[in-house]
Amino acid sequence: SQKIEQNSEALNIQEGKTATLTCNYTNYSPAYLQWYRQDPGRGPVFLLLIRENEKEKRKERLKVTFDTTLKQSLFHITASQPADSATYLCALGAGGGNKLTFGTGTQLKVEL
Amino acid sequence: DVKVTQSSRYLVKRTGEKVFLECVQDMDHENMFWYRQDPGLGLRLIYFSYDVKMKEKGDIPEGYSVSREKKERFSLILESASTNQTSMYLCASSSPPSHTDTQYFGPGTRLTVL
């Protein structure tokens, strides 16, 4: 069955450092991969999408890589700030108006 | 901006009660989804709908039903609430034909069944 793994342990980093979150998947051939941010008690908010034929995508301080051979995506936040503290979810989709499959998320805490 | 609203932020019900959770989106999206989110289990899809009066089972449909009489509204129904249905319920919408399936979520309803 399809499986998406994100590090269940919280990631604690110092302000100004680069945070790197990992999303691994098995038994899946996604057309694209998405990253969402979720704050406590709120719904997830879309951040970035990367397609299967793209290696890297950037948006301001965010960078996503996608390696379909390793079946892995890395999500980077550079110059991290306390306001970046949240849970980050990856989601995979097959495309064509289909549903998404979400990972369990990784909690990021950026400390002063 | 896309706006997805849910009828309640917090809800407390008793075992055996019939519970209605309402979701409304204002962007004319075709697709709508209901998830529940539990610690350690992530987002799990309960039901989704591609069009009015159409519904598809997700990964955990047992104990739930849905209704979509109008395009903008998608309701989740717990026919007879049980304590194991205590959870955060999230509604989302998306719209083809962008083919990216980006989902827009509501704020969530935290349901407690006593």
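For chain A, the share of DSSP beta bridges that are antiparallel, to the nearest 5, is 90%.
Between the DSSP loop rule and a limit of at most 13 other Cβ atoms within 10 Å, which GluC sites (Glu not before Pro) in region B:42-108 are left? Intermediate results must be reported in sequence, preceding the final value.
Values: sites: B:56, B:62, B:69, B:72, B:79; in loops: B:62, B:72, B:79.
Hits after loop and neighbour filter: B:62, B:79.
Only Cα sites of region B:6-72 enter the Debye sum here, all with the same form factor; the resulting log10 I(q)/I(0) across q = 0.25 1/Å is -1.30, listed in q order. Close amide H partners of residue A:31, meaning residues 5 or more places away or on another chain with modelled amide H under 5 Å apart, are A:93, A:94, A:95.
Counting lysine pairs in chain B that sit 8 or more residues apart in sequence, or on different chains, and whose Cα atoms lie under 25 Å apart gives 17.
Computed on protein heavy atoms with a 1.4 Å probe, what is the summed buried accessible area for the chain pair B and A, in Å² to the nearest 100?
Rounded to the nearest hundred, the buried surface is 1700 Å².
Which whole number in µm²/s is D for region A:1-66 by Stokes-Einstein, with the Kirkwood Rh taken over Cα pairs at 25 °C and 0.890 mPa s?
Numbers: Rh = 13.7 Å.
So the translational diffusion coefficient is about 179 µm²/s.
Heavy-atom surface analysis with a 1.4 Å probe gives region B:1-86 a carbon and sulfur content of 49 percent of its accessible area.
What range in chain A is the longest one free of trypsin sites (Lys or Arg not before Pro) that are in a loop by DSSP and have at most 13 other Cβ atoms within 10 angstrom? Could you put the intermediate results ahead of the total?
Details: sites that count: A:17, A:55.
That gives A:56-112 as the longest site-free run.
Applying the criteria of a DSSP loop state and at most 13 other Cβ atoms within 10 Å to the trypsin sites (Lys or Arg not before Pro) of region B:3-100 yields B:3, B:9, B:14, B:18, B:53.
For chain A, lysine pairs with C-alpha atoms less than 25 angstrom apart, excluding pairs fewer than eight positions apart on the same chain, total 23. Remark: the protein assembly as shown carries 50 Å² of accessible area per residue (probe radius 1.4 Å; ligands, DNA and RNA excluded).
Over region A:31-87, consider all pairs of different Cα atoms and compute the Kirkwood hydrodynamic radius from their mean reciprocal separation; express it in Å, one decimal.
The answer is 12.2 Å.
Taking the convex hull of the alpha carbon atoms in region B:10-114, what volume per residue do you get, in Å³?
Working: hull volume 10.0 nm³, N = 105.
Taking only Cα atoms, region B:10-114 has a hull volume of 95 Å³ per residue.
If you take each beta carbon of peptide A:104-112 and count the beta carbons of other chains within 10 angstrom, what is the mean?
Values: counts 7, 4, 0, 0, 0, 0, 0, 0, 0.
For peptide A:104-112, the averaged partner shielding equals 1.
Surface composition of chain A: carbon plus sulfur atoms contribute 44% of the solvent-accessible area (1.4 Å probe, protein chains only, all chains present).
Over the Cα atoms of chain A, the radius of gyration divided by the Kirkwood radius equals 0.95; this is the Rg/Rh ratio. Rg of the Cα atoms in the protein assembly as shown, relative to 2.2 N^0.38 Å, amounts to 1.02.
The values are calculated or read from the model by the stated rules, or taken from the named source; none is laboratory data. Quick caveat, the model's predicted, so the values are computed rather than measured. As a convention, Cβ positions derive from the backbone with ideal geometry for all residues, glycine included, and neighbour counts pool all protein chains shown. Surface areas here come from the heavy atoms of the whole protein model, side chains and all, with no ligands, DNA or RNA. Shrake-Rupley method; radii C 1.70, N 1.55, O 1.52, S 1.80 Å.
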